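Engineer: Submitted below is the structure of interest, expressed as structure tokens.
The values are calculated or read from the model by the stated rules, or taken from the named source; none is laboratory data. On a predicted model such as this, the values are computed, not experimentally measured, just so you know. Here Cβ is always computed from backbone atoms with ideal geometry, including for glycine, and neighbour counts include all displayed protein chains. Each accessible area value is taken on the protein alone, full model and side chains, heavy atoms only, with ligands, DNA and RNA left out. Shrake-Rupley method; radii C 1.70, N 1.55, O 1.52, S 1.80 Å.
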Amino acid sequence: MANRSSFDAPLLQVRELVLHFRTSKGVVQAVDGVDFTLNANEAVVIIGESGCGKSSLAKAILRLLPRNVHRYTGKTFLYGQEVMALSDEEFRRTIRWNRIAMVPQAAMNALNPVLRVGDQVAEPLMIHQGMRKSKALEKAVEMFRLVGVPEDFVHRYAFELSGGMRQRVALAMALVTSPDLIILDEPTSALDVLTQANIMNQLKRIKKEMGMSFILITHDIATSSELADRVAVMYAGQIVEVGDALRFFQEPLHPYAQKLMASVPRLRETKDPEFIVGQPPSLINPPTGCRFADRCHRRFARCAEEPPVIEQHGRLVKCWLYTEDGVNQRDASHSRHQD
Amino acid sequence: MTQATADIKIDTTRDERVKPASDAPSTRPEQGALLSVRNLRVWFELRRFGFGHAGYVRAVDDVSFDLNYGETIAIVGESGCGKSSLMKTILGLHRPTEGEIYFENRRLNDFSRREMQWYRTQVGYVQQDPYGALPPFMNVRRILQEPLIIAGVKDPAEREARIRKALEEVKMTPVEEFLPKFPHMLSGGQQQRVVIARAMILNPKLLVADEPVSMLDASVRVEILRLLRALQQAHNLAVIYITHDLSTVRYFSRRIMVMYAGQVVEQGEVNDLLSNPKHPYTQALIEATSDPDAANAMKFREVPSGEPPSLVRPPAGCRFHPRCAYFIADVCDKETPPDFDVGQGHLARCWLYR
Ligand SMILES: Nc1ncnc2c1ncn2[C@@H]1O[C@H](COP(=O)(O)OP(=O)(O)OP(=O)(O)O)[C@@H](O)[C@H]1O
Ligand SMILES: Nc1ncnc2c1ncn2[C@@H]1O[C@H](COP(=O)(O)OP(=O)(O)O)[C@@H](O)[C@H]1O
Ligand code: SF4
Ligand code: SF4
Ligand SMILES: [Mg+2]
Ligand SMILES: [Mg+2]
């Protein structure tokens, strides 16, 4: 984890990140002005419903872009270094894999079927760091141990492995180059609970023992709390709340985040979960005001305008309720509830 | 439905079938076991190219349970433990290798093709993946028409009325808006509603739902589970709810069966079993299931490592023994535990309770 431009700057700062796609029906605003910061040895989880832009955000950070990009703007700083300014070639050579690695969504189904899994884990080292094969294979075995794959599996092919083992191999591939940061896109969503719990244990261990930092993307809110230091909630291409996990899970602020939390079935509580009426808006021509407005139980006149991002006790929330205008609304609705 | 109607099976059930779904509760005074599964085994023959027979996959290995009219039961277990094989056998899609299935006291194993056709009208099926469940080139009207046509509902006006009714029941309104839509124009949650409407349209007595919400977002998941529960109550439906997610079973079913490696290792009343799990495997499943809580990040979960065993050569004795923290040497690895009653019909298949 060398090559840090500034030890004072946070590990990753994402500013005004935008990724729009061109489609036959119009421009899809998959990522639309995303800001967040990640400190070293921290895990931020990005939660949100299907289609809200989580995977697109990961792709935008790693500059893994499809052909139909309409707009790709914003800034990302890695330890203070502006990486969006790098040429594609430089980014590929110095940042992707070496500094920021990713376990893509459904990675376990995307392993190369004709390559032994050990060789696949060794490959990034040979390609991105020019390491000799024998040395790279040694490193691969080390990674297998770290993620809980039996060492002799290095000689096997992907189809000979269970889903859980394949997902661990994908994780080993991301770890092998010793990046500063790993982005995990739905790493356990397709796995059984015991396998899921085992892999989350492994991630916690890697974070603690190696000081690794993570961005964990998932729609599974319960599992997200297994790793989260901070939580960012995404809705319709934007982040609507970011805050410390401890406080977020106790008391989410944004009305969408509150509803989302209330929809999670809980094993240890008997309260019935609720659902959010309606669907997220289309990301082609999304509403100009608050994107959650048509489903929001707290909506008021001001919500027809796009909400600003408000800072409250170190938490960020994109909602009019937390402005001066909204304070009155909040009081009003509280007294209404009490009546 | 009365016993008389049931006896006549195919020929006059037609009259029964054309009744709108809303007539259901009043025409259903039945009590007792709707479905009985007795020592069921479903083994698949394993063939290796060039070698012929190479053993059996024991997907379901000695499973017994009863399901009463209007009762809900959850079957919980990890992937590959045999949940879908059990369910498909109950649906008549696989033949039992051994053992019996009785539906309204009639032995499914002996059903003729016509009886099977009748049986299919009695049992609705909601499958795991809504995205693969609906034919892409049929619109919602066609999709819901098919089962009615197969069941012999000849009058188009009658069919249309029942289609509308079914869509209203799954809250797809205004109905006109959805009738002409094709699956790709619907969200995952709406697709699953159509699947449910299709499963309900013949007014079945039993609904089998195989992981009906595992592919859906949390908020949609709750919506669909609530819908299923409302239908269950309105029609006094018996439901088999198959899931790997323990956190949803309480909202949905009264009884629960936990499966491991082709066998039921624990069963009982839901609240009792979840708050007082006896089998080490059930305990592990509960330990591994998280509720959203920031404290989770501060601790490791004590779960057994390893993976479920091969069903071709399952471990001798208790199938969980290679992963079990309470393993008793020379007992657990030698003899298969029977079901021990740990109180009020709560059964655990584990030597700890001998
Ligand atoms: N290459 C592309 N071209 C056009 N639209 C795209 C492209 N990739 C993604 N989208 C659209 O962008 C939006 C966000 O997609 P994305 O995959 O980022 O969502 P997600 O939050 O990761 O969802 P999931 O939880 O289902 O993985 C969706 O509407 C999707 O259809
Ligand atoms: N038609 C089949 N032929 C051979 N093996 C099968 C067949 N269907 C299921 N199996 C095997 O039976 C076991 C149980 O599978 P399944 O019932 O689908 O489990 P679950 O639904 O609990 O995930 C698995 O090992 C699976 O591979
Ligand atoms: S800005 Fe208004 S509509 Fe949007 S979440 Fe806040 S209160 Fe609801
Ligand atoms: S029978 Fe023995 S090995 Fe099996 S679950 Fe009970 S204690 Fe564990
Ligand atoms: Mg995604
Ligand atoms: Mg299955």
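Engineer: Name the residue that is most open to solvent (accessible area, probe 1.4 Å), counting only residues in the range A:136-151 that are more than 17 Å from A:V103 (Cβ to Cβ) and touching a Leu at 6+ places or on another chain (Cβ under 8 Å).
Structural biologist: Ranking the qualifying residues of the range A:136-151, first place goes to A:K139.
Engineer: Please find, within the range A:83-106, the residue that is farthest from A:T177 (Cα to Cα) out of those that are open to solvent by less than 50 Å² (accessible area, probe 1.4 Å), in contact (Cβ under 8 Å) with a residue 40 or more places away in the chain and of a type outside the set (S, T, N, Q).
Structural biologist: Checking each candidate, the answer is A:V103.
Engineer: Consider only pairs whose beta carbons are under 9 Å apart and that are at least six residues apart or on different chains; among these, list those whose first residue lies in the range B:326-351 and is more than 13 Å from B:K278 (Cβ to Cβ) and acidic (D, E) and whose second residue is modelled with pLDDT of 95 or more and part of a strand (DSSP E or B).
Structural biologist: none
Engineer: Quick check on the range B:257-298: of everything there that is within 12 Å of another protein chain (Cβ to nearest Cβ) and acidic (D, E), which residue is least open to solvent (accessible area, probe 1.4 Å)?
Structural biologist: Filtering first and then ranking leaves B:D291.
Engineer: Please verify whether the range A:126-136 includes one or more residues that are out of contact with any helix residue (DSSP H, G or I) (no Cβ under 6 Å at 6 or more places or on another chain), within 14 Å of chain B (Cβ to nearest Cβ) and in contact (Cβ under 8 Å) with a residue 12 or more places away in the chain.
Structural biologist: Taking every residue of the range A:126-136 in turn, none turns out to be out of contact with any helix residue (DSSP H, G or I) (no Cβ under 6 Å at 6 or more places or on another chain), within 14 Å of chain B (Cβ to nearest Cβ) and in contact (Cβ under 8 Å) with a residue 12 or more places away in the chain.
Engineer: Open to solvent by less than 60 Å² (accessible area, probe 1.4 Å) and either more than 30 Å from A:I221 (Cα to Cα) or not acidic (D, E) (or both): does that describe B:P315?
Structural biologist: Answer is yes for this residue.
So that you can scan it fast, the table gives a plain yes or no per residue for (1) under 17 Å from the mean Cα position of the chain (by Cα); (2) of a type in the set (S, T, Y); (3) away from ligand 3 (no atom under 16 Å from the Cβ):
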| residue | (1), (2), (3) |
| --- | --- |
| A:H20 | no, no, yes |
| A:V27 | no, no, yes |
| A:S56 | yes, yes, yes |
| A:T76 | yes, yes, yes |
| A:Y79 | no, yes, yes |
| A:S87 | no, yes, yes |
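Engineer: What number goes with the only condition from (1) farther than 25 Å from B:D293 by Cα; (2) among the β-branched types (V, I, T); (3) within 14 Å of ligand 3 (Cβ to nearest atom) that A:I284 does not pass?
Structural biologist: With respect to (1) farther than 25 Å from B:D293 by Cα; (2) among the β-branched types (V, I, T); (3) within 14 Å of ligand 3 (Cβ to nearest atom), A:I284 is out only on (3).
Engineer: If you don't mind, another one. Only one of A:L227, A:L253 is within 8 Å of chain B (Cβ to nearest Cβ), touching a strand residue (DSSP E or B) at 6+ places or on another chain (Cβ under 6 Å) and either among the hydrophobic types (A, V, I, L, M, F, W, C) or surrounded by 20 or more Cβ atoms within 10 Å (Cβ to Cβ) (or both); which?
Structural biologist: Only one candidate passes the filter, namely A:L227.
Engineer: Quick one: in the range B:82-105, which of the residues that are surrounded by 18 or more Cβ atoms within 10 Å (Cβ to Cβ) and polar (S, T, N, Q) is farthest from ligand 1 (Cβ to nearest atom)?
Structural biologist: Only one residue fits best here, namely B:T89.
Engineer: Taking the range A:201-217 only, how many residues are more than 10 Å from chain B (Cβ to nearest Cβ) and open to solvent by 10 Å² or more (accessible area, probe 1.4 Å)?
Structural biologist: Adding up the residues that qualify gives 3.
Yes or no, residue by residue, for (1) touching a strand residue (DSSP E or B) at 6+ places or on another chain (Cβ under 6 Å); (2) within 16 Å of ligand 1 (Cβ to nearest atom):
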{"site": "A:R22", "(1), (2)": "yes, yes"}
{"site": "A:G33", "(1), (2)": "yes, yes"}
{"site": "A:F36", "(1), (2)": "yes, yes"}
{"site": "A:A43", "(1), (2)": "yes, no"}
{"site": "A:N68", "(1), (2)": "yes, yes"}
{"site": "A:F77", "(1), (2)": "yes, no"}
{"site": "A:T94", "(1), (2)": "no, no"}
{"site": "A:Q105", "(1), (2)": "yes, yes"}
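Engineer: Same structure, new question: Could you tell me which residue of the range A:156-200 is nearest to the other protein chains (Cβ to nearest Cβ), considering only residues that are free of Cβ contacts under 8 Å to residues at least 60 places away in the same chain, open to solvent by less than 10 Å² (accessible area, probe 1.4 Å) and of a type outside the set (A, V, I, L, M, F, W, C)?
Structural biologist: A:G164
Engineer: Looking at the range A:27-53, which of its residues are outside any loop (DSSP other than H, G, I, E, B) and open to solvent by 20 Å² or more (accessible area, probe 1.4 Å)?
Structural biologist: Once the filter is applied, which keeps residues that are outside any loop (DSSP other than H, G, I, E, B) and open to solvent by 20 Å² or more (accessible area, probe 1.4 Å), the range A:27-53 yields A:V27, A:V28, A:Q29, A:D32, A:G33, A:D35, A:T37.
Engineer: Same structure again: Which of the residues that make up the range B:227-279 are part of a helix (DSSP H, G or I) and among the polar types (S, T, N, Q)?
Structural biologist: Correct list: B:Q232, B:Q233, B:S247, B:T248, B:N271, B:S275.
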